[in-house]
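What follows draws every value from the coordinates through simple rules; no lab data is involved. Everything quoted here is computed from the prediction, not taken from an experiment. So basically every Cβ, Gly included, is an ideal-geometry build from the backbone, and we count neighbours across all protein chains shown.
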Amino acid sequence: MVSPLGPERCEAAGVEISFPAVMGVVNTTPDSFSDGGSLYQSRRLDLDKAFDRCVKMVEEGATILDIGGESTRPGSDPVSVEQELERVIPLVERLARSVDVALSLDTSTPEVMRQGAQAGAHIINDVRALRRDGALEAAASTDLAICLMHMQGEPKTMQRQPHYSDVVQDVSDFLNQRIDACLTAGVDKKRLWIDPGFGFGKTLAHNIELMQNIAYFCNGAYPVLVGVSRKSMIGAITGKGVDERRAGGLALATFALMQGAHIIRTHDVGATVDAVKVVMALKGER
């Protein structure tokens, strides 16, 4: 059992991660919803700029960097395996050589998982929970930690009238099914994390109900990742645009941490690290 906000650690591919942890978002895509194209120059990824952004996040306190080469924003299209590898692997290799931080592959693609593990990654963070053909086998063949996220549908269509009988129970049932699939494939349960998937095939009401019940997930046997940074649910509540949602994201992150969330995935690393420190102080932890 992983208890809320205790001094637990997780070993991911030989790297220890203390919880709660802050995971910095590194989008190497030209079309992400928040910072799409900001790391590009002449339609190509600027590796130096991407590396410098990663270093800044580590300096701000991120202990995990989540590197993704395929946009999964609502309405997005999949990319080719070659494109994703080109966007992700060189950055992972450079970071693994240079920076003391856990590296996460934000991917559903089996070949990215395999090559990323060889390049020095420590975590697989899959929005499709290893449902893409070959992904479960590829992930199981590594020693990387694996985060299983709930998503209803695919990014292209997931926000077209999502429906649940009971969103908390339905998400929980899905995650338990994917955990069982991993265990059957030989994955050690100590490698598994879960993510309810805020904003992935969910209305504002679904997202709010999930957040209100986040402790239900956090009180289980698996570390819980919460990713709400700059998402549309904040815009729907506050009326603010993507670049003005930091305060709303910090409010959600703080609530989740108070309920026992273990990893906060964010674009705003420094501010989120401060929020973690305050919550830990209130909880009487280091």
> Among rounded, prolate and oblate, which fits the chain when a ≥ b ≥ c are the square roots of the eigenvalues of its C-alpha gyration tensor, a/c under 1.5 means rounded, and a/b larger than b/c means prolate?
Replying inline: rounded
>> Could you list 174, 198 so that the one with the fewest beta carbons within 10 Å of its beta carbon is first and the one with the most is last?
In response: 174, 198
> Fewest first, what order do 189, 240, 202 take by the number of other Cβ atoms within 10 Å?
Replying inline: 189, 240, 202
> If contacts are Cα pairs under 8 angstrom and at least 6 residues apart, what is the relative contact order of the chain in percent?
Replying inline: 21
>> At 222 nm, what value in deg cm²/dmol follows for the chain if DSSP H runs of at least 4 each add -39500 (n - 2.57) and the sum is divided by all its residues, to the nearest 500?
In response: -12000 deg cm²/dmol
> What is the local net charge at residue 166, summed over the other residues whose Cβ is closer than 15 Å to its Cβ (Lys, Arg +1; Asp, Glu -1)?
Replying inline: -2
> With labels modelled as points extended 7 Å from the Cα through the Cβ direction, what inter-label distance (nm, one decimal) is found for residue 185 paired with residue 52?
Replying inline: 3.8
>> Within the range 178-198, name every residue whose backbone N is under 15 Å away from a label modeled 7 Å from Cα of residue 131 along the Cβ vector.
In response: 178-182, 195-198
> Is the shape of the range 78-148 rounded, prolate or oblate, going by the alpha carbon gyration tensor and its root eigenvalues a ≥ b ≥ c, with a/c under 1.5 for rounded and a/b larger than b/c for prolate?
Replying inline: oblate
>> So for the range 9-282, if I pair up every lysine 8 or more residues apart or on another chain, how many of those pairs have alpha-carbons under 22 Å apart?
In response: 6
> In percent, what relative contact order does the range 120-169 have, based on Cα pairs under 8 Å that are 6 or more apart in sequence?
Replying inline: 39
>> Going by Cα centres, the range 80-115 and the range 222-246 are how many Å apart?
In response: 25
> Order of 255, 200, 19 from fewest to most other C-beta atoms within 10 Å?
Replying inline: 255, 19, 200
> Can you give me the relative contact order of the range 47-165 as a percent, contacts being Cα pairs under 8 Å and 6 or more apart?
Replying inline: 24
> For the pair residue 205 and residue 111, what calculated FRET efficiency results from E = 1/(1 + (r/R0)^6), where r is the Cβ-Cβ distance and R0 = 45 Å, to the nearest 0.05?
Replying inline: 0.75
> Between residue 160 and residue 281, what is the FRET efficiency for a Förster distance of 45 Å, r being their Cβ-Cβ separation, to the nearest 0.05?
Replying inline: 0.55
> Just how large is the dipole of the chain about the Cα centre, in debye to the nearest 20, putting +1 at every Lys and Arg Cβ and -1 at every Asp and Glu Cβ?
Replying inline: 440
> Which whole-number percent of Cα pairs in the range 179-228 have a distance greater than 13 Å?
Replying inline: 61
> Of 205, 141, 68, whose Cα points farthest to the positive end of the dipole of the chain (charges on the beta-carbon: +1 Lys, Arg; -1 Asp, Glu; origin at the Cα centre)?
Replying inline: 205
